[in-house]
Structures are given as structure tokens and as C-alpha cells.
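Readers should treat all values here as calculations from the given coordinates under stated rules, not as data from a laboratory. Just so it is clear, the model here is predicted, and its values are computed rather than measured. All Cβ positions, even for glycine, are placed from backbone atoms using ideal geometry, and neighbour counts span all protein chains on display.
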Amino acid sequence: MSEFMIDNEKLIYDDLGSGIPIIFIPPVGLGRKFFYEQKPLTKHFRLILPDLIGQGDSKYNGESEITIARFAKDIILLMDHLRLSSVVLFSYSSGGSIAQYLCIHYPLRIKSLIMSGCYPIISNLPFKIEHRLGILSVQLHKKLVSNVISMAHTKNKEYKNILKEHMYKSDSTVWSQLYVECLHFNCMVEIKKTEIPILLLYGSQEYMLKSIIKFYKKNLKNFQLFTLKGVSHHLPTKASSEVNQIVTGYLLSN
């Protein structure tokens, strides 16, 4: 575990392995330990796993802004700190909002983008309701939300405990505000213009994102799409071996 100061806030990250650098952007509230199952990728790549400010072990000072733009800038500052001119981004779910913002606003710093279960906008009603419930629930029952999320992502008891204990540390205000940011995020126009190579990963049972998959297939200029059978949204944890194999093949062949 390493640390890096951004103004008066401490950002915690893990720096593992060597090779092509991949920065992992976790979904809102979950932190760097969400990507526990991606550690086998260290056989070929350098994995950089940050806890964004206010999540996991990275503490929020209660004053700095909580926006997607700010968290994207924090990733750039981390890259500068590590003297990385460009990286691969690996994002999951709501972490894709930050990742796509980076591709749009800092294209020269991004080699390629991997998105698992991500979206450029929250457009359908069930998805909007889910996020609105999250905004309120995190403020009132953070531990309950953490328990539910950890149970949804894995059946492994040890890993489940690691996830929920790490989420307990996340700041409720930051978590809730990031839900708001993601709810209002929309990069549908801008993401069409990117030339950055993109790897898309979705489960065959990812019913709420069917329209999003169609949008990406129609509008992205340079992408590969993999649909994993028998799973829905939780690919990095519930289909980790397949995900790791696809990512390895994709990065080593491009």
C-alpha cells in the first residue's frame, strides 16, 4: 500500500507487478479492493489500484469538491506522481463515468479503455430509481448497503468480508454525491468522437444495459465487444477468470 497527497488529502493505492500500466477505477463506494480477483494480471501487467478520495482508505477532508471531473483529475495527478505518460484504464460499472471523462478530456494520456458493465448515461427508469435509492440509502444505512453490495458480487465468504469492511470505511457524503454525479452524467455525444481503443465487457443477462450496448456498437469507432454467457453485471468478480483472460489477450495483441 502506497500513499500520495493531493493538496491536504491522502490518496491510497496499490502498485503491483510490472509491464503495461493499468489503472483500475472502481465503482462508487467500493474502493480498490473490489479488483481483488484481477491480481493474477500481475503476471503480465503493472496494476495500479487507487482508493479515490473518500473511498476505502483514502480520507475526505469534508471540504474539497466531489465531481467526476475532480476524480478524473486526481487520476491524472496520480499518473504524474508515478511518472506515467499514458496508461490503460480498467473501469467497472459507475467507475466508467470517470474513465470515459478521462478519455474525452485527456486523450493523450490514455492508451486504451476497458469497460465492464459501464454506460455513458443512466437513461432507463429502473436504473435511475436504483441510483436515487442509493443516494438516500448510503446516507442512512451505509453498512446495510455495503453488506448488500458485497453479497451481490461474490459468494466467497472471505472476499465478501474484505469488500464490506473496505466499504464501511468510505465516506457517506462522498459516496452519495458520486451517485448524484453519475445520475446526471452524460457523455453520449463526446464518446462517439474518441479514437481510443475500447474493450467492452458485458454479461449476457445484463438486461438493463441492452440499449447501452446497442449504442456503443453503433457509435464507437474503435472497439471490441465480448459478451460472457450466464452472468449479468458482476463480471470482474463472478467471471474473473474469463475477464482476466480476455483482458490479457486484448492488451498483448494490441
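Our estimate of slack between Lys39 and Arg70, defined as 0.36 nm per intervening residue step minus the Cα-Cα distance, is 8.5 nm.
Cross-link reach is defined here as a Cα-Cα straight distance under 19 Å, omitting same-chain residues fewer than 8 places apart; for Lys218 the aspartates and glutamates meeting it are Glu190, Glu195, Glu206.
Straight-distance candidates among the lysines for linking to Lys157, with alpha-carbon spacing under 16 Å and chain neighbours fewer than 8 residues away dropped: Lys33, Lys238. Only Lys, Arg, Asp and Glu carry charge here, each on its Cβ (+1 for the first two, -1 for the last two); on that basis the chain has a dipole of about 840 debye about its Cα centre. Rounded to the nearest 500, the 222 nm mean residue ellipticity of the chain from helices alone is -13000 deg cm²/dmol, with -39,500 (n - 2.57) taken per DSSP H run of at least 4 residues.
Across the cross-link table entries Lys39/Lys193; Lys160/Lys210; Lys59/Lys164, which are compared at the Cα atoms, the separations over 26 Å belong to Lys39/Lys193; Lys160/Lys210. The value of relative contact order for the chain, using C-alpha pairs under 8 Å at least six residues apart, is 21 percent.
Quick one: check the C-alpha center-to-center distance for the range 164-200 versus the range 81-144, whole angstrom. First find each Cα centre; the distance between them is then 3 Å.
FRET efficiency for the Gln245 to Leu125 pair, using the beta carbon distance and R₀ = 45 Å, is estimated at 0.80. Does the range 1-127 come out rounded, prolate or oblate, given a ≥ b ≥ c as the square roots of the eigenvalues of its C-alpha gyration tensor, rounded meaning a/c under 1.5 and, failing that, prolate meaning a/b above b/c? In terms of gyration-tensor shape, rounded. Relative contact order of the range 95-195: 41 percent, from C-alpha pairs under 8 Å at least 6 residues apart in sequence. Highest mobility in the GNM of the chain, judged by mean-square fluctuation with C-alpha springs under 10 Å and restricted to Leu41, Leu30, Leu89, is found for Leu41.
Computed from Cα atoms alone, the Kirkwood hydrodynamic radius reported for the chain is 18.1 Å.
Overall form of the range 174-254: oblate. Here a/c, set by the Cα gyration tensor axes a ≥ b ≥ c, is 1.5 or more, and a/b is not larger than b/c.
Close amide H partners of Ile20, meaning residues 5 or more places away or on another chain with modelled amide H under 5 Å apart, are Arg46.
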